[in-house]
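All remarks here apply to the structure that follows.
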Amino acid sequence: MKGIRAALDALAMDVLLRTRGNPYFQSHHIHSGENSMTQENNTSVQSHIFFTKQPILDTKRSIWGYELLGGGQKEGIHGTISREEGVAGLFSSACVELQEAMQRGKKIMVGFDDASIVTGVPHALPPSCGVVRVHPGEPRDAGFHAVLQDLRGQGYQTVMEVMPGMPLSDDARAAADILAFNLGLDKPDQSLLNGMRTPHTVMLAHGVKSIEQFQAARDMGFTLFQGPFFKEPEYVKERKLASNAASRLNLLRLLEAGDPDFKALGAAIRTDVSISFRLLAYLNSPWFGLRQNIQSIDHAIKMLGWLKLKSWLRAVILVDMAGKDEVPRELAALSLQRAKFFELLTTHYDYWGFNPGTLFLLGLLSLIDAILGMPMMSLVELLPLDAKLKSALTGDPNNEYRPLFRLLECLEDGDWPALTVQTQNLFMDLDQVRDTFAQAREWGAGFFVSPA
């Protein structure tokens, strides 16, 4: 962890130093005054860097890589990293996610503006996994496309956005490894796709919102897919709970009972070797600071305390149920992030009267149908949940928790304009919401990263 953070910070600093003296950068920013920004302004830019990580799937619904959607607040859904000052803030805050993804050989896609590409800012990403997305705009000159070709020669991949009514030049298409189409804006004509496709060009569909839209895009010849569709459950007819998932749900039932039955809980944990080992390792880790050795599972439960044990076990149970497959694990990580976000948010805004523990559970279970490939209606009946939670999990649009899910969807999907509106509607502070989401993202990622 420390090694990759130091490497990313060093790369970011190298980019900062190199771009300061670059004449292209100066000529493209002198009229706006950006080349004379003070250190105070630099700090301000970094403080406004924000991102969300969205998976990119292939035709088999395996994870090909991730895009970091972010940048300045005004950059829109597909924000770009504009100006070199933002790169250190972005890549330092993304360290945990980048480390875990690169260890699995996944690509990392980031959008950069033209000046940043020409001045070398994308070098903050390692060439082996870096994917540079070019923001849609006016036609570029041959010099810009030569820079993209140079990046490709170093091992980077490049992505060109194809916008409705804005055909790409031959130079632009030649400089792109991936052509991206936003299906949320327009459904591309099949003849257009056929005319642009080459044996070496990959077609990416983003803005894919449903399983049906994913299947249609796949039939059209797209091979990479991005959008909220990956959170939708793909049911397998007559699927039954696997034995390990059933045992985990039984443990979850014990946790959610009105009065904690420590005896039954201890017995359930003792019969589960994996959870027993992880509980003991968790308590014996140096940062936990226990001054005495754990003598038994029952002793561990008492030492940890009910509330901490409940929160930790909930998370571990969900991670275990997700198994080793990539997409379920990604959904589990997203569920943990949701759980912590709801918990922290309701702590900051306690005037709602929502219980943080209840909201943690709501976020944790919100994608359990997609993780297990079973209908949510069947799954909620297996747990002792109150009517409001069941209503929220099964998608009741009138449920009192629904506005929080709308807020969360804006964050997860990188819809910054809608996020601004939703925070105003909920009388929340935008910076507080974004900081809370960043904390929750880092907390959730920690369950999937091995300590250095």
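Values in this text are rule-based calculations from the coordinates and carry no lab data. Note that this is a predicted model, so its numbers are computed, not measured. Cβ placement follows ideal geometry from the backbone for every residue including glycine, while neighbour counts extend to all protein chains displayed.
Normalising by residue count, the stretch 314-444 has a Cα convex hull of 107 Å³ per residue.
A crude spin-label estimate for the pair Thr347 and Thr394, with each label 7 Å from Cα along the Cβ direction, gives 3.2 nm.
Amide H contacts of Gly65: Ile56, Lys107, each under 5 Å away and 5 or more positions distant or on a separate chain (H built 1.01 Å from N in the peptide plane; Pro and chain starts excluded).
A simple packing score, the average count of other Cβ atoms within 10 Å per residue, orders the peptides 389-397, 350-358 as 389-397, 350-358, with the highest score first. Bridging of Lys308 to lysines at a Cα separation below 26 Å is possible for Lys263, Lys324, Lys340, Lys388, Lys390, once same-chain residues fewer than 8 apart are set aside. Projected onto their three principal axes, the Cα atoms of the stretch 327-400 cover extents of 36, 26, 22 Å, largest first.
Taking only the C-alpha atoms of the stretch 400-442, Rg followed by Dmax gives 9.6, 27 Å.
Report the semi-axes of the equivalent ellipsoid for the stretch 245-395 in whole Å, largest first, where each axis is √(5λ) for an eigenvalue λ of the Cα gyration tensor. Output for the stretch 245-395: semi-axes of 25, 19, 16 Å.
Principal semi-axes of the equivalent ellipsoid, √(5λ) from the alpha carbon gyration tensor of the stretch 188-235, are 22, 10, 8 Å from largest down.
Taken over the Cα atoms of the stretch 96-145, the convex hull encloses 81 Å³ per residue.
Our Cα-only numbers for the stretch 141-274 put the radius of gyration and Dmax at 24.3, 73 Å. If R0 is taken as 25 Å, the Cβ-Cβ distance between Asp219 and Gln103 corresponds to a FRET efficiency of 0.15.
Convex hull volume per residue, computed on the Cα atoms of the stretch 99-210, equals 120 Å³.
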